[in-house]
Amino acid sequence: MDARLIAWARTVKRRDLPPLWFFTDSARAPDPLAAITQLPLGLCGVVFRHDDAPGRMTLGKQVARLCRARRLALVVAGDARLAAALGAGLHLRGGRQAGWIKPPRLRTASVHNAAQAVRARRAGVAAAFISPVFATASHPGASVLGPLGWRRLARLARPIRSLALGGISGTNIRVLGRDCAGTGAIEALLSAPPEGAAKALRVAAYKPMELMVKWRE
């Protein structure tokens, strides 16, 4: 777990929105319950993304129960019905409303380009995860925003709060400045990063982004 990132989160912590968000991932963190159990209290939320996992509803209920017990915020990515069933918030992929169920009180969104930043702002979400900021093991070699690109989208998303996602660590998050209200992460919030993650980051190329590749959160 990235101690520097946790220390940074304590400096930006606010009562209404956690500064650290763990993104579940069936490949990179196959046991989300074990990972969630280790998250620091009072600083974290969870974005549940196990779209293709067998027994997704059962796993979702277990995650929701654990988040309630540990007082962690929870949003479900791209599935309004599942979010409602779990009593959770909703994470809008690309800022798009998912389904026709009444929107929950807590909503976040992923943002990868200018159009999605505007869409998220109009949706009135609590926060936008702007990504990918840096090279990430999720998509080795993919184009990234870099700090300047992240700040540009953060300006477009105002007044909603902007969070960073993609290759974030306790060292590089500081270059984003005061506009960064938090971050999403996988490896940085695991007590033991999965084998191969570090190698994937070493070979990931840094390419300033003009047109964003398809990204899924």
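Quick notes
- Residues considered: Pro132, Pro193, Pro159. Of these, the only one that is in a loop (DSSP other than H, G, I, E, B), crowded, with 23+ Cβ neighbours inside 10 Å and either modelled with pLDDT of 95 or more or not β-branched (Val, Ile, Thr) (or both) is Pro132.
- Within the stretch 66-92, being closer than 19 Å to Ala127 by Cβ and surrounded by fewer than 18 Cβ atoms within 10 Å (Cβ to Cβ) holds for one residue alone: Arg71.
- Residue in the stretch 35-50 that is assigned to a loop (DSSP other than H, G, I, E, B), touching a residue at least 60 places away in the same chain (Cβ under 8 Å) and crowded, with 18+ Cβ neighbours inside 10 Å present: yes
Here is a yes/no grid of residues against (1) surrounded by fewer than 19 Cβ atoms within 10 Å (Cβ to Cβ); (2) of a type in the set (D, E, K, R); (3) part of a strand (DSSP E or B):
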position: Gly60; (1), (2), (3): no, no, no
position: Ala64; (1), (2), (3): no, no, no
position: Gln97; (1), (2), (3): yes, no, no
position: Ala109; (1), (2), (3): no, no, yes
position: Trp150; (1), (2), (3): no, no, no
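So that you can scan it fast, the table gives a plain yes or no per residue for (1) assigned to a strand (DSSP E or B); (2) in contact (Cβ under 8 Å) with a residue 40 or more places away in the chain; (3) touching a strand residue (DSSP E or B) at 6+ places or on another chain (Cβ under 6 Å):
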site	(1), (2), (3)
Pro54	no, no, no
Val76	yes, no, yes
Leu82	no, no, yes
Ala85	no, no, no
His91	yes, yes, yes
Lys102	no, no, no
Ala117	no, yes, yes
Arg122	no, no, no
Val125	no, no, yes
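- Flag for Thr24 being among the β-branched types (Val, Ile, Thr) and either surrounded by fewer than 16 Cβ atoms within 10 Å (Cβ to Cβ) or in contact with an Asp or Glu (Cβ under 9 Å, 6 or more places away or on another chain) (or both): no
- Residue selected from the stretch 1-21 under the condition of a type outside the set (A, V, I, L, M) and outside any loop (DSSP other than H, G, I, E, B), by the criterion surrounded by the fewest Cβ atoms within 10 Å (Cβ to Cβ): Thr11
The values are calculated or read from the model by the stated rules, or taken from the named source; none is laboratory data. Since the structure is predicted, the reported quantities are computational estimates derived from the model, not experimental observations. Every residue, glycine among them, receives a Cβ derived from its backbone with ideal geometry; neighbour counts consider all protein chains shown.
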